[in-house]
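Chemist: What follows is a single structure, and I will ask about it in a moment.
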Amino acid sequence: ELIGRGGMAYVYKARDLKLNRYVAVKVLREEYTENEQFIKKFDRESQAVACLSHPNIVGVYDVGVQDNIYYIIMEYVDGITLKQYLMRKGRLDYVEATRFVMDISNALRCAHENKIIHRDIKPHNILLTRDLVPKVADFGIARAITSSTVTMTNQTMGSVHYISPEQARGGFVDERSDLYSLGILYYELLTGKLPFDEENTVTIAIKHIQEQIVPPKELEPRI
């Protein structure tokens, strides 16, 4: 069954007949299979995640192409996203929020040690198992760190509410960019609010670059 759709791929729940288990199959959208840039991006995602093995990262089992269908076979997480969980609860108490953030930061440490930056850390990309174990998903815009790792301003990837100032500026991106986004995620878990929230995405990006964030304690004195 279809369980998710993103900007560049569909995700299906499927059964692995050999090992008799459910898996998630990410399939590149048909309109992109002729697009060299998107195929490179899809390949980059699969290669990036395939080398990562961590209990807080969605595992990748296989990658391939068949009849012009590009696919990634991944661990199936039977649960909801951290964003859905937060919307149900409104805000989280500091103990639960901190536990989630520590687990996510452990996953990021694993990625960073393998020279991979996620570039799109946000609660929508954190899957929660039934036991509420967070797993980082969608390394779609991650790429191996090289000396030429620069995000072009007009191609700024990632979600603007969580974007680091250097990403918004189109500058050099490194591990700290993920930590900034994780900080914004932590802020949202604790307060139930985003530090910068406007209708215009460009305005939000500029605020990340130019403005100071209201301390969470001012919004939620119990923190």
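Chemist: Which of the following residues is farther than 23 Å from HIS208 by Cα and modelled with pLDDT under 90: LYS135, LYS89, LYS115?
Modeler: Every option except LYS115 fails the conditions.
Chemist: Checking the structure you have, find out if any residue of segment 162-175 is closer than 19 Å to MET102 by Cα, open to solvent by less than 20 Å² (accessible area, probe 1.4 Å) and either part of a helix (DSSP H, G or I) or at pLDDT 90 or above (or both).
Modeler: Yes, segment 162-175 contains a residue that is closer than 19 Å to MET102 by Cα, open to solvent by less than 20 Å² (accessible area, probe 1.4 Å) and either part of a helix (DSSP H, G or I) or at pLDDT 90 or above (or both).
Chemist: Across segment 4-30, which residue is most open to solvent (accessible area, probe 1.4 Å) among those that are among the small types (Gly, Ala, Ser) and at pLDDT below 90?
Modeler: Here the answer is GLY7.
Chemist: Another question, then. Taking TYR186 as the residue in question, decide whether it is in a helix (DSSP H, G or I), under 20 Å from PHE100 (Cβ atoms) and touching a residue at least 40 places away in the same chain (Cβ under 8 Å).
Modeler: yes
Chemist: Still on this structure: Restricting the search to segment 92-111, which residues are at pLDDT 95 or above and in contact with a helix residue (DSSP H, G or I) (Cβ under 7 Å, 6 or more places away or on another chain)?
Modeler: LEU92, ALA97, PHE100, VAL101, ILE104, SER105, LEU108 - these are the residues of segment 92-111 that are at pLDDT 95 or above and in contact with a helix residue (DSSP H, G or I) (Cβ under 7 Å, 6 or more places away or on another chain).
Chemist: Quick check: is even one residue across segment 202-221 at pLDDT below 90, surrounded by fewer than 18 Cβ atoms within 10 Å (Cβ to Cβ), assigned to a helix (DSSP H, G or I) and of a type in the set (S, T, N, Q)?
Modeler: Looking for residues that are at pLDDT below 90, surrounded by fewer than 18 Cβ atoms within 10 Å (Cβ to Cβ), assigned to a helix (DSSP H, G or I) and of a type in the set (S, T, N, Q), one finds none in segment 202-221, hence no.
Chemist: Could you go through segment 35-55 and let me know if any residue there is at pLDDT below 85, acidic (Asp, Glu) and open to solvent by 40 Å² or more (accessible area, probe 1.4 Å).
Modeler: Yes: one or more hits.
The values are calculated or read from the model by the stated rules, or taken from the named source; none is laboratory data. Quick caveat, the model's predicted, so the values are computed rather than measured. Quick reminder, even Gly has a Cβ in these numbers, built from the backbone with ideal geometry, and neighbours come from all protein chains shown. Heavy atoms of the whole protein, side chains included, go into the accessibility calculation; ligands, DNA and RNA do not. Shrake-Rupley method; radii C 1.70, N 1.55, O 1.52, S 1.80 Å.
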